[in-house]
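In what follows, a single structure is set out as structure tokens and then discussed.
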Amino acid sequence: MWRYKCKNKNMVLSEYIKQLIGETTEYDKKQMLEERKPKSWLKSVSAFANGEGGALIFGITDDGEVVGLKDAQHDSEVISEQIKTKMDPVPDVNLKINQTEDGKTLVLLFVVKGDETPYFIMLMVVV
């Protein structure tokens with residue numbers, strides 16, 4: 001069973017998610033990874049890196065329902081690649097793939113408060 005180690009060594013994933021949901025400035029949630037619209041979630045990564053850090057949880061709806069992801073391994077690879085290629089400087093992040101107690105798979109992206117601010121999203125402009 002996954003345990004969040006930074007704040008409480010005995011906290012299970014479902015408890016940690018509930019705690020994050022109550023702390024709106026420290027987390028953001030996405031029902032799924034929008035591969036064609038990476039800016040939709042990279043804005044949160046940038047904001048966390050430029051601020052106090054935070055967590056982005058993929059597989060949770062806006063109203064807090066845990067729906068899980070179909071292919072969390074693929075999603076985590078895309079997340080990692082998008083951060084490396086579309087952000088400057090590249091923020092310090094930690095990706096975790098975890099299953100909830102009822103078997104739904106989530107991707108948790110922890111973004112560390114950055115030392116090289118500002119962090120921004122590089123967009124390609126086609127002329």
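Read-outs: derived from the displayed coordinates by stated rules, not from any lab. These numbers were taken from a predicted model, which means no experiment stands behind them. Positions of Cβ are generated from backbone atoms using ideal geometry, with glycine treated the same way; all protein chains shown enter the neighbour counts.
When DSSP assigns beta bridges and you keep just the ones with both residues in region 24-114, what percent turn out antiparallel, to the nearest 5?
The antiparallel proportion sits near 75 percent.
Using the 10 angstrom Cβ neighbour count as an exposure proxy, how do F120, F110, F48 rank, fewest first?
F120, F110, F48
Could you put D28, D88, D63 in order, starting from the residue whose Cβ has the fewest other Cβ atoms within 10 Å?
In increasing order of surrounding Cβ atoms, one gets D63, D88, D28.
Would you mind computing, in nm to one decimal, how far apart the modelled labels at K104 and V78 are, each placed 7 Å from Cα along Cα→Cβ?
Each label point is offset 7 Å from its Cα along the Cβ direction, giving 1.9 nm.
So if each residue of separation counts as 0.36 nm, and I subtract the Cα-Cα distance between Q31 and D63, what length gain in nm does that give?
10.5 nm
What order do you get for K70, K104, K30 when you list them from fewest to most C-beta neighbours inside 10 Å?
Neighbour counts put them in this order, fewest first: K70, K104, K30.
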